[in-house]
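Encoded as structure tokens, the structure appears first; notes follow it.
The values are calculated or read from the model by the stated rules, or taken from the named source; none is laboratory data. Only a predicted model underlies this, so the values are computations on that prediction, with no experimental measurement involved. Here the Cβ is made from the backbone with ideal geometry for all residues, glycine too, and neighbour counts use every protein chain on show.
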Amino acid sequence: MATIINLPTFRDDRGALSVIEKVLPFEIKRIYWIYDVQKQRGGHRHKKAIQALVCVSGQCEIDIYDGEKKRTVVLDKPTQCLVLDPRDWHTMDHFSKGSVLLVLSSEYYDRNDYIKEAYGE
Ligand code: T46
């Protein structure tokens with residue numbers, strides 16, 4: 001099941017700094033980011049990849065379904081990280097203008113890792 005991690009964050013009179021270190025349940029093999037979003041994205045689950053999502057600017061919504069429970073997570077803080085298990089079907093939508101969604105993945109890119117058939121209701 002998807003989990004939210006509150007990231008260590010250091011604020012002072014210069015601003016804020018959040019860090020991901022020793023908190024993820026995987027070694028990071030790939031980093032990508034999604035921006036200028038015009039339409040819903042995602043719409044799949046994975047065979048192996050565990051992924052950690054941080055909306056580093058702005059906000060977006062992630063709809064998640066693990067085959068048993070549905071959940072919507074609003075990512076609107078750069079101090080929060082959403083970890084998706086491979087079985088978590090996910091779509092990403094309602095991106096605010098200028099938002100950036102950072103994704104850290106446990107796997108190198110492999111188009112065969114994607115499962116695009118939705119779970120039955
Ligand atoms: C996911 C969600 C959160 C690559 O060539 N390398 C990559 O590492 C990635 C992620 C994508 N691509 C290519 C494949 C497609 O031609 O970029 C294009 C767009 O990818 P996709 O349609 O899969 O994008 P999203 O936003 O629907 O999904 C992405 C990730 O692919 C996916 O693993 O979990 O973000």
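Output yes when any residue across the stretch 31-44 is among the hydroxyl-bearing types (S, T, Y), at negative phi and within 16 Å of the ligand (Cβ to nearest atom), and no when none is. Yes, that holds for at least one residue.
The test for being at pLDDT 95 or above and closer than 22 Å to Y119 by Cα does not hold for H94. Within the stretch 13-38, the set of residues being assigned to a loop (DSSP other than H, G, I, E, B), of a type outside the set (V, I, T) and in contact (Cβ under 8 Å) with a residue 40 or more places away in the chain comprises L24, P25, F26, E27, K29.
In the set (1) surrounded by fewer than 17 Cβ atoms within 10 Å (Cβ to Cβ); (2) of a type in the set (D, E); (3) closer than 21 Å to I20 by Cβ, the condition left unmet by D93 is number (3).
If you go through the stretch 18-34 and keep only what is surrounded by fewer than 11 Cβ atoms within 10 Å (Cβ to Cβ) and either closer than 11 Å to L104 by Cβ or among the small types (G, A, S) (or both), you end up with E27, I31. Within the stretch 99-121, if we keep just the residues that are within 15 Å of the chain's Cα centre (by Cα) and away from the ligand (no atom under 12 Å from the Cβ), the residue that is farthest from L82 (Cα to Cα) turns out to be S99.
With the structure loaded, tell me whether I34 is among the β-branched types (V, I, T), in contact with a Phe, Trp or Tyr (Cβ under 9 Å, 6 or more places away or on another chain) and closer than 22 Å to N112 by Cα or whether it fails that test. Against the criterion (among the β-branched types (V, I, T), in contact with a Phe, Trp or Tyr (Cβ under 9 Å, 6 or more places away or on another chain) and closer than 22 Å to N112 by Cα), I34 qualifies.
When you scan the stretch 60-121 for strands (runs of 3 or more DSSP E) that lie fully inside it, which ones turn up with 2 or more residues that are over 20 Å from K29 (Cα atoms)? Once the strands (runs of 3 or more DSSP E) in the stretch 60-121 are filtered for at least 2 residues that are over 20 Å from K29 (Cα atoms), what remains is 60-65, 70-75, 89-93. When you look at C60, is it in contact (Cβ under 8 Å) with a residue 40 or more places away in the chain, within 17 Å of D36 (Cβ to Cβ) and among the hydrophobic types (A, V, I, L, M, F, W, C), yes or no? When the stated conditions are applied, C60 passes them.
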